[in-house]
Amino acid sequence: MLLHNSPIRFFDFNARRKGARLFTATVMMLLTYSLSASTLQPALGIDWVARDKEFFEKIQPILKSACLECHSGSEADAGLALSNFKTSKSILKERQTWEKVIQRLELEDMPPKDAAPLAGADRKRLVEWLKSAINDIDCGRTPNPGSVTLRRLNRVEYRNTVRDLLGIDYALAAGFPGDDVGYGFDNIGDVLTLPPLLMEKYLTAAEDISRKAILAPEPGPVFESIRKPKQLTAGSSGKANDGYFSFYSNGKITIEEQLPWKGEFSLELGMTGSPAAGEYPRMLVSVDGKKVKEFSVQSEPDTPKNFVVPIRISKGGKRSITLEFTNDKTVEAKNGKPAEDRNIAIYDLKISGQKPADPIPESQLPESHRKIVKATPSTGVSVEQAATEVLRPLASKAFRRPATTQEVKRLATLANDAIEAGESYEGGIQVALQAILVSPSFLFKVEEPAPQVAGQFPLLTDFELATRLSYFLWSSMPDQELLGVAQKKQLRDPSILKQQIERMIKHKRSNAFVENFAGQWLTLRKLDQFIPDANLFPKWTTEIRELARRETYLFIADIVQGNKSMMRLLDADYSFMNDKLAKFYEIPGVEGDEFRMVSTKGHKRLGLLTHASILAVTSNPTRTSPVKRGKWVLDNLLGTPPPAAPPGVPELDKAELTGTLRQRMEQHRADPACASCHKLMDPIGMAMENYDAIGRWRTLDYGQPIDTSGELPGGDKIKGPADLIRNIGSKNAEKFVRCLSEKMLVYALGRGLEYYDRCAIDKIQAKLIQDDTKFSTLIYEIVVSDPFQRKGVRDAL
Amino acid sequence: MKNQRLSRRTILRGLGTAMSLPLLDAMLPVGRLAAAAGPQAPLRTMYFMVPNGAHMPAWTPASEGPGYALTPTMEPLAKHREFISVFSGLTLDGARAHEDGAGDHARSGASFLTGAHPKKTDGADIKNSVSVDQVAAQVIGSKTRFASLELGLEGSTQAGGCDSGYSCAYSSNLAWRNENSPLPKENDPSAVFDRLFGNGEKVGEGKSRTARLERRKSVLDFVQEDAKTLHKKLGIADQRKVDEYLYAVREVESRLANSSKLRIGEDGVPNIPRPSGIPHDRSQHCKLMLDMVALAIRSDSTRVLTFGFANEGNNWGYPEIGAPEGHHDLSHHGKSEEKQAKIQKINLFHMQHFAYLLDHFADVEEAGGKLLDNCMILYGSGISDGDRHNHDDLPIIMAGKAGGKIKKASHWRFPKDTPLCDLYLWMLNQSGVKADSFGDSKGVLKFS
């Protein structure tokens, strides 16, 4: 089993005690690593020189004579310019292109019949060499597990994470700018960008969320009273001058002030003081005759300095505040020294205060508040101490790993600064929570580089692994239990890992996996965009659309959570529906609004290919599209996408196509340029023609009987949907298993697959076949695969 | 003490509505209108993209020169005829295959404002180039609260593939800040409204707006430090993501700083209902979004704006105008007259809405003339004929007189393969951007 052999723990609970030296050492090792990272090469076990020699001598001549006449340069047929491939490395890198080439060579429909023929021996040699060129990676030598580009939470993950972190559903996250899709999914690091618009939304969201999670008492009203120098009097001891009050001999200034409430006020004085006999003037401040503070008025000449005297009163009301000058002195000029006069000048005088917030009664606090704000300052507990106690667990949960001492300290300081600037304690915690929610450690699934150990690509830390796992299965953060397992470093114990995966799949949060993985794999998220012509399809309503989608999600959830074979996706003779949906399908005997498992035996429904959701999402607004359905099956179930339509589709100069859909398609296929691809797609789509554009069963189209017969590439003759489904489930079972494994690996990793991932896929497939294609085996094998467990490098070819 | 009273925005929220605006006049607060007018009216640049090309026979005017007659597709612009220039013969070479095979829609979308040839990838190492609006925004963007706005009707694609091995980022985004950072668009009119005029945020009693800005600034400063620390630990590809994060933080900081200058408060909210979300009806949705365009421009919140009527390759049906089949499917008309007629209907539909926007600007007087005198509003597609997917002789028009630089609106025809980027370069020069080239430009377009 895999061992946790990383020598560095980047987020060390004990870092504080070990002190800064460890931190420095870590940084230095990281630097060393990042220097050497670029020189790391994945071990492929390939002798490039020998392989290129074969390519130049034996293979290129065959390509040249059989393929390049059409497939080269900018006008290459089907946009496939094989002339671009100059080395065997370039072939390995673009292996998907070459898989298609091999497919067509094996089907013997390339080169086309009207081109120079390719001799059987050459065809065989070409296919065999190409297969080895794109497949021969030495899987025994730890192939590169690949590198996932730093992934931002997408909007679904953001909303779920906020929900699981704070118990708040931030529905507005649905209005974040759309997450772009790559490789069919919206959780791909390379295409998840962070434009300023999104940052704006994150900031507003953080404010909204923090105010919902934590209730801060509204600070009370502000009191402010300013006295101008000319309003002051001190009897014969001073007088107002231009812009200041000159306090020149011992005496008192008395100010009557109505202070509206009990609590803290502050008296701010902008003053200068001039010394005499080496001593500065002193001022004594009293309230109602009681001494508050006595201090020395020490300043640069003519540069008023701000003196702040806190005043605390136990009851609101009229107060008399006195400022007393206590140590006047003058020294005559003598022995060439100038005269000295100890005086005070008052430039500004302000009394201000803010009414303390009324604490919010315990009963009005939301649950999140009580969970987060577990400590409050009191005598003996400073604001920073209390804030630290609150913020450490909060930041650790939000960052999905223990927050470092430094991070917690900075957060506490941020809260404290806000509090000193006038926020309540809770308001200060809100500000810190805002910083947490906008922090890159929250918004990104951070995985830090680590050095190779003994020629092995480094493992993810346990916390990083827990994060990958929970975003894979829950589209959300790890829960307390999973983090606990990670902290104990038990996540690589197979039995514990299995147990955790099982628990997570059973948890209702795994519905997110069904909706996000299957919703994208099967393109069901696009169903909203399908708006059929209401005149032709009055039965398709928004309600039916949602019920149909729900059917497919429940169907998949049942297979995932019930640990059934993935083959049931294709051939299950049951589905999930309520009365309305059953009525739409014309299946009798289903009463009531509740969804339940319904047998579809004898009702023309078999697995997800016959679900209305999928039949509709592959249709045009006014009719079915056998081409789209065929392409959908090739793309999403068989993993053999047909070549894309060539650029600048040649204009059909002949007469417009006429007749039934089948006849029109056959006319289209008469053109050899179209035929080569359409013969892959059309027979599949034609077999599904018994379902109309919204997935209802039919035997006639525009009054004409529907002919669903056809011949699949490879020669299998089929007729109707059941034949097609059986064919996929038997002869093409391996392709289906592989296709689903690949799609799920893309989703689990958040990156596109590369040639070196083949080893991992092979392994997953082998295990699946061993284990009756059980769904949980698929998930488990993905989780323990090297690409999921380890940090590799970006494509080094 | 100020009394806490019900914010007007709170009242507006309650009145949320899907109705589009009857009038723009009198709905902007006086103070802001004055600010927009200023001593010298600013030049505004806007780019509008329609997907899937156009039915060219109904688009291109028969004759050239200032006396050209409006074609059926341009008919809705009749009222604004004196401001409409037509540019025929321009080419978007970056959208061509160049040995990359299929994917004309993704390439056209990505290339439309960048002139670049995007790298064919489904995700890894996505690469386009900076777009023309962003080049302008980098120079003149600091003068307004938003350096640029990116708007449209369709969000990002939700699942599956978009076009032949191209990531959906290419077909969904018009504006690109640099070669690998697309700027997604906002398609919810209420969200745009909130960004322009504040979202009814509750400013607590006794807590000033300044205090709130201070907090925001402290939060942003804080996370910047975090990001810098993180940056040092990561590899190159990941660092690029953190760079993007840091850029976004700084950009938001400067928007906050500008917003305090602009006094967006109670008195800054226009006297119109806040839209309540995305209406189901496409025309209503479009009109509301165009209302937001008009508000943004007339309140001088930005001078650079891009707008996508839909993502490139979009396949919406338009049953309300007799074209229920998907737009993209129809565009592959195979010379069917019926399909071509429907494409033209969709073209007309978009043009009517463009005219609706111009109606908002019409007759607005400002220093030195009318608002449309000080606009360059480009409208068009990166594909010419949707069936052939050709990227030459593109449908391109411009509304506005570019601050008087276009003396007389006319129909100009340019030699084959004249880059569209030559026109962009001309536009950049008018905005005060000193550039010698943009995209695949060969020189500043000569016309006028």
Across segment A:562-575, the tally of residues that are closer than 15 Å to residue A:597 by Cα, within 30 Å of the chain's Cα centre (by Cα) and crowded, with 18+ Cβ neighbours inside 10 Å stands at 1
Residue pairs within 6 Å by beta carbon, gap of at least six or interchain, first lying in segment A:123-139 and at pLDDT below 90, second surrounded by 14 or more Cβ atoms within 10 Å (Cβ to Cβ) and basic (Lys, Arg), listed first then second, are A:134/A:95
Handout entry: Residue check, residue B:431 within 22 Å of the chain's Cα centre (by Cα) and over 26 Å from residue B:350 (Cα atoms)
Key = yes
Filter segment B:100-139 for residues that are assigned to a loop (DSSP other than H, G, I, E, B) and among the polar types (S, T, N, Q); the one that is nearest to residue B:392 (Cα to Cα) is B:114
Those residues of segment A:486-530 that are part of a helix (DSSP H, G or I) and either over 21 Å from residue A:157 (Cβ atoms) or in contact (Cβ under 8 Å) with a residue 24 or more places away in the chain (or both) come to a total of 31
Scanning segment B:127-143 for residues that are among the hydroxyl-bearing types (Ser, Thr, Tyr) and more than 14 Å from the chain's Cα centre (by Cα), the one farthest from residue B:185 (Cα to Cα) turns out to be B:142
Quiz item: Any residue in segment A:337-351 that is of a type in the set (Ser, Thr, Tyr) and loosely packed, with under 14 Cβ neighbours inside 10 Å?
Solution: no
Within segment A:187-215, of all residues that are part of a loop (DSSP other than H, G, I, E, B), in contact (Cβ under 8 Å) with a residue 60 or more places away in the chain and within 7 Å of chain B (Cβ to nearest Cβ), the one surrounded by the most Cβ atoms within 10 Å (Cβ to Cβ) is A:188
All-but-one check, residue A:398 against (1) assigned to a helix (DSSP H, G or I); (2) away from chain B (no Cβ under 14 Å); (3) hydrophobic (A, V, I, L, M, F, W, C); (4) surrounded by fewer than 24 Cβ atoms within 10 Å (Cβ to Cβ), failing number (2)
The lone condition residue B:90 fails out of (1) away from every other protein chain (no Cβ under 14 Å); (2) under 17 Å from residue B:388 (Cβ atoms); (3) surrounded by fewer than 20 Cβ atoms within 10 Å (Cβ to Cβ); (4) not polar (S, T, N, Q) is (3)
Residue A:226 meets each of (1) touching a residue at least 12 places away in the same chain (Cβ under 8 Å); (2) outside any strand (DSSP E or B); (3) of a type in the set (Val, Ile, Thr) with one exception, condition (2)
If we ask which residues in segment A:163-186 are of a type in the set (Phe, Trp, Tyr), more than 7 Å from chain B (Cβ to nearest Cβ) and touching a residue at least 60 places away in the same chain (Cβ under 8 Å), their number turns out to be 1
The residue from A:437, A:459, A:433, A:473 that alone is surrounded by fewer than 23 Cβ atoms within 10 Å (Cβ to Cβ) and under 30 Å from residue A:513 (Cα atoms) is A:459
Considering segment A:337-359, residues that are more than 60 Å from the chain's Cα centre (by Cα) and assigned to a strand (DSSP E or B), and then whichever is nearest to the other protein chains (Cβ to nearest Cβ), we arrive at A:345
Exactly one of A:435, A:415 is farther than 30 Å from residue A:468 by Cβ, in contact with a helix residue (DSSP H, G or I) (Cβ under 8 Å, 6 or more places away or on another chain) and within 12 Å of another protein chain (Cβ to nearest Cβ), and that residue is A:415
The residue that is surrounded by the most Cβ atoms within 10 Å (Cβ to Cβ), considering only those in segment B:155-178 that are of a type outside the set (Gly, Ala, Ser) and touching a Pro at 6+ places or on another chain (Cβ under 9 Å), is B:170
Residue hits (segment A:710-750; out of contact with any strand residue (DSSP E or B) (no Cβ under 9 Å at 6 or more places or on another chain), small (Gly, Ala, Ser) and in contact (Cβ under 8 Å) with a residue 40 or more places away in the chain) are A:714, A:722, A:729, A:733, A:741, A:748
* Please verify whether segment A:550-559 includes one or more residues that are at pLDDT 95 or above, more than 24 Å from the chain's Cα centre (by Cα) and within 14 Å of another protein chain (Cβ to nearest Cβ). => yes
Q) Can we say residue B:147 is surrounded by 24 or more Cβ atoms within 10 Å (Cβ to Cβ), modelled with pLDDT of 95 or more and more than 28 Å from residue B:388 (Cβ to Cβ)? A) no
The residue that is farthest from residue B:120 (Cα to Cα), considering only those in segment B:171-193 that are part of a helix (DSSP H, G or I) and facing another protein chain (nearest Cβ under 10 Å), is B:190
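The values are calculated or read from the model by the stated rules, or taken from the named source; none is laboratory data. None of these values were measured; they are calculated from a predicted model. Reconstructed Cβ throughout: ideal geometry from the backbone, glycine too, with neighbour counts over all protein chains shown.
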